[in-house]
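Q: Following this message is one structure expressed as structure tokens.
The values are calculated or read from the model by the stated rules, or taken from the named source; none is laboratory data. Every value quoted in this text rests on a predicted model; they were computed, and no experiment measured them. Please note: Cβ atoms are built from the backbone with ideal geometry, for glycine as well, and neighbour counts cover all protein chains shown. Heavy atoms of the whole protein, side chains included, go into the accessibility calculation; ligands, DNA and RNA do not. Shrake-Rupley method; radii C 1.70, N 1.55, O 1.52, S 1.80 Å.
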Amino acid sequence: MSQDKMKSGGAPKARDGFTSSFGVLAATLGSAVGLGNIWKFPYLTGTNGGAGFLVVYVLATLLVGLPVMISEIMLGRKAKRDAVTTLVTLAPKGQPWWLIGAFGVFAAFLIMAFYSEVAAWVFAYIFKAIGGDILSRDPKVTSGAFASLISDPKQSLLWQWAVLALIGGILLLGVSKGIEAVTKKLMPLLFVLLLLIGARSLMLPGASEGLSFLFTPDFSKITPAVVLTAVGLAFFKLSIGMGTMITYGSYFRDDQNIPVTTFRVMCADLFVSLLAGIAIFPAVFAFGFQPAAGPSLLFITIPAVFASMPLGHVFMVVFFVLTAIAATGAMLSILEVPVSVLSERFGISRVKSTVINLLLLAVVGAGCALSNSLTADFKIFGMTLFDLFDFVTSNVLMPLGGIFLCLFTGWVWKYERFRDALSNGGALSNESLLKPLFFVVRFVSPALILVVMLKGLKVF
């Protein structure tokens, strides 16, 4: 696509955006919080040194996740446009930096294709929990229920399409009346439900072993591989490198303090992850189960754990509701990326843009939904479509997006514009913060992301 063609899209006549500081925080946090907070973060913390891993993770977030997040939001707010047009608008004429946005849109679409299927399992489990279908202390029963769900092509497709319809319906309402209004309700509810389950989990006999699993540091486990795991987690958990924060940044108000807002998001995201660990692992250990990562923890172990405790039926329903809430906030930000590009770059109405994306995802995502049934034998480079989309986005598209975004900010945009944008045109006096932040964006973050990408590609 030529630069002239890229610049042919006219500015939207009336652009929606976030209307309040709390709305900005809720929406941005909703994007950062996802299914990884519920199982991946607590598990990695527990198996990589507990409190020691937490320290490394926080440092990695400050050196990688937070700087890139701030840069994305800053660029988006400056241009007030979609992920592609933002780079077209801000880059020097004739330079193809818009490809960063294009990579982000492609990554967001592929992520939505498989993430919507995992979310579909979560939503299906709300009703399985209500009906008592998974209320069993025997992991063999719960594993059988999960296998039955993912291997049934009809259930897989219908639940995925239902999830896509739900997210699409919210996006059709717009940014302020859709994304902002929904996340302002869902994020507080998420915290309340996590606190409820956490309090119940801590009252169980033997819960202290689960807390020890999470928070007792074992510094002998802090190896170079563990450090790289922490850096990778810090990059991927904040929804950066795929255009979401550029897009959400374009909806930020001009007077919003970006560094302060993003730091609050980082702290709240960390708090959600720790609450999830407190809610899950004391109960896991109290009833003699073993922690495990991925679907085996979320869909097999957790139901068996809740079935073992008094009022477990109720708390299991609550758990999958809060997990669905986490998935919903993340999916809203992911799907908003291609929706906004189609709408703003190509002059398509928001309604048509949303419907087009939903139809495309229903087709492409079907390949992921059927990866455990009809298309299980269809593999590319030895991977199903589900695994392929996950690998390409996590190990190629998102890291490349993060690296080149840092290079653009640090070497093309340079410090003067960086300072002006983050100080709200000089209204905020934070020079002492911005100089070291710019140094990290220019040198440290891209180097660390490159190392994580090479590790993910098994170069070393």
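Q: Looking at the structure I just gave you, is LEU233 surrounded by fewer than 16 Cβ atoms within 10 Å (Cβ to Cβ), aliphatic (A, V, I, L, M) and either in contact (Cβ under 8 Å) with a residue 24 or more places away in the chain or in contact with a Cys (Cβ under 9 Å, 6 or more places away or on another chain) (or both)?
A: No, not satisfied.
Q: Right, another one. Tell me the helices (runs of 4 or more DSSP H) entirely within the stretch 365-459 that contain at least 1 residues that are under 24 Å from MET112 (Cβ atoms) and under 23 Å from the mean Cα position of the chain (by Cα). If you could, list the steps in order and put the result at the bottom.
A: Working: elements: 385-392, 398-407, 414-422, 431-439, 445-456.
Answer list for the stretch 365-459: 385-392, 398-407, 445-456.
Q: Could you grab the pairs with beta carbons closer than 6 Å, sequence gap of 6+ or different chains, first residue in the stretch 369-390 and of a type outside the set (Asp, Glu), second one in a loop (DSSP other than H, G, I, E, B) and open to solvent by 30 Å² or more (accessible area, probe 1.4 Å)?
A: ASN372/SER151; SER373/SER151
Q: Restricting to the stretch 124-147, what's the tally of residues that are more than 13 Å from MET316 (Cα to Cα), part of a helix (DSSP H, G or I) and among the charged types (D, E, K, R)?
A: Residues in the stretch 124-147 being more than 13 Å from MET316 (Cα to Cα), part of a helix (DSSP H, G or I) and among the charged types (D, E, K, R): 1 in total.
Q: Here is a check on your reading of the model: is PHE252 out of contact with any Leu (no Cβ under 8 Å at 6 or more places or on another chain), in contact (Cβ under 8 Å) with a residue 60 or more places away in the chain and closer than 25 Å to ASP82 by Cβ? Break it down into steps so the answer makes sense when it comes.
A: Working: out of contact with any Leu (no Cβ under 8 Å at 6 or more places or on another chain): yes; in contact (Cβ under 8 Å) with a residue 60 or more places away in the chain: yes; closer than 25 Å to ASP82 by Cβ: yes.
Criteria met by PHE252.
Q: Going through the stretch 299-314 one residue at a time, which ones are modelled with pLDDT of 90 or more, touching a Lys or Arg at 6+ places or on another chain (Cβ under 6 Å) and surrounded by fewer than 23 Cβ atoms within 10 Å (Cβ to Cβ)?
A: Answer for the stretch 299-314, where residues must be modelled with pLDDT of 90 or more, touching a Lys or Arg at 6+ places or on another chain (Cβ under 6 Å) and surrounded by fewer than 23 Cβ atoms within 10 Å (Cβ to Cβ): just ALA307.
Q: So VAL452 passes all but one of these: (1) of a type in the set (A, V, I, L, M, F, W, C); (2) closer than 19 Å to PHE235 by Cα; (3) at pLDDT 95 or above; (4) touching a Phe, Trp or Tyr at 6+ places or on another chain (Cβ under 7 Å). Which condition number does it fail?
A: Condition (3) is where VAL452 drops out.
Q: Can I ask one more? Please identify the pairs in which a residue from the stretch 304-325 that is under 15 Å from ALA286 (Cβ atoms) has its Cβ atom under 7 Å from the Cβ atom of a residue that is of a type in the set (Lys, Arg) and in a helix (DSSP H, G or I), counting only partners at least 6 apart or on another chain.
A: Filtered contacts from the stretch 304-325: PHE315/ARG200.
Q: Another question, then. Considering (1) at pLDDT below 95; (2) farther than 21 Å from VAL341 by Cα, say which one LEU66 fails and leave the rest.
A: (1)
This table checks each residue for (1) open to solvent by less than 10 Å² (accessible area, probe 1.4 Å); (2) of a type in the set (Lys, Arg); (3) modelled with pLDDT under 95.
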| site | (1), (2), (3) |
| --- | --- |
| ALA286 | no, no, yes |
| LEU342 | no, no, no |
| THR354 | yes, no, no |
| LEU370 | no, no, no |
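Q: Kindly indicate whether any position in the stretch 194-206 is surrounded by fewer than 16 Cβ atoms within 10 Å (Cβ to Cβ) and within 30 Å of THR86 (Cβ to Cβ).
A: No.
Q: Taking the stated definitions as given, is GLY17 outside any helix (DSSP H, G or I) and either at pLDDT 85 or above or within 19 Å of LYS185 (Cβ to Cβ) (or both)?
A: yes
Q: Among helices (runs of 4 or more DSSP H) lying entirely in the stretch 207-262, which contain 1 or more residues that are in contact with an Asp or Glu (Cβ under 6 Å, 6 or more places away or on another chain)? Explain how you work it out, then say what you get.
A: Numbers: elements: 207-215, 224-237, 244-249.
Once the helices (runs of 4 or more DSSP H) in the stretch 207-262 are filtered for at least 1 residues that are in contact with an Asp or Glu (Cβ under 6 Å, 6 or more places away or on another chain), what remains is 244-249.
Q: Quick check on this structure: which one of SER432, SER445 is open to solvent by 60 Å² or more (accessible area, probe 1.4 Å) and of a type in the set (Gly, Ala, Ser)?
A: On the way: SER445 fails: open to solvent by 60 Å² or more (accessible area, probe 1.4 Å).
It is SER432.
Q: Moving on. Read through the list (1) within 21 Å of VAL314 (Cα to Cα); (2) in contact with a helix residue (DSSP H, G or I) (Cβ under 7 Å, 6 or more places away or on another chain), then give the number of the only condition that PHE106 fails.
A: Of the numbered conditions (1) within 21 Å of VAL314 (Cα to Cα); (2) in contact with a helix residue (DSSP H, G or I) (Cβ under 7 Å, 6 or more places away or on another chain), the odd one out for PHE106 is (1).
Q: So, in the stretch 395-434, exactly how many residues are hydroxyl-bearing (Ser, Thr, Tyr) and either touching a residue at least 60 places away in the same chain (Cβ under 8 Å) or touching a helix residue (DSSP H, G or I) at 6+ places or on another chain (Cβ under 8 Å) (or both)?
A: Within the stretch 395-434, the first condition is being hydroxyl-bearing (Ser, Thr, Tyr), and the residues that meet it are 409, 415, 423, 429, 432.
Imposing the further condition that a residue be either touching a residue at least 60 places away in the same chain (Cβ under 8 Å) or touching a helix residue (DSSP H, G or I) at 6+ places or on another chain (Cβ under 8 Å) (or both) reduces the set to 409, 415, 423.
Qualifying residue count, the stretch 395-434: 3.
Q: Quick check on this structure: which one of VAL84, VAL122, VAL175 is touching a residue at least 12 places away in the same chain (Cβ under 8 Å), in contact with a helix residue (DSSP H, G or I) (Cβ under 6 Å, 6 or more places away or on another chain) and closer than 24 Å to GLY241 by Cα? Walk me through it before giving the result.
A: On the way: VAL122 fails: closer than 24 Å to GLY241 by Cα; VAL175 fails: in contact with a helix residue (DSSP H, G or I) (Cβ under 6 Å, 6 or more places away or on another chain).
When all the criteria are applied, what remains is VAL84.
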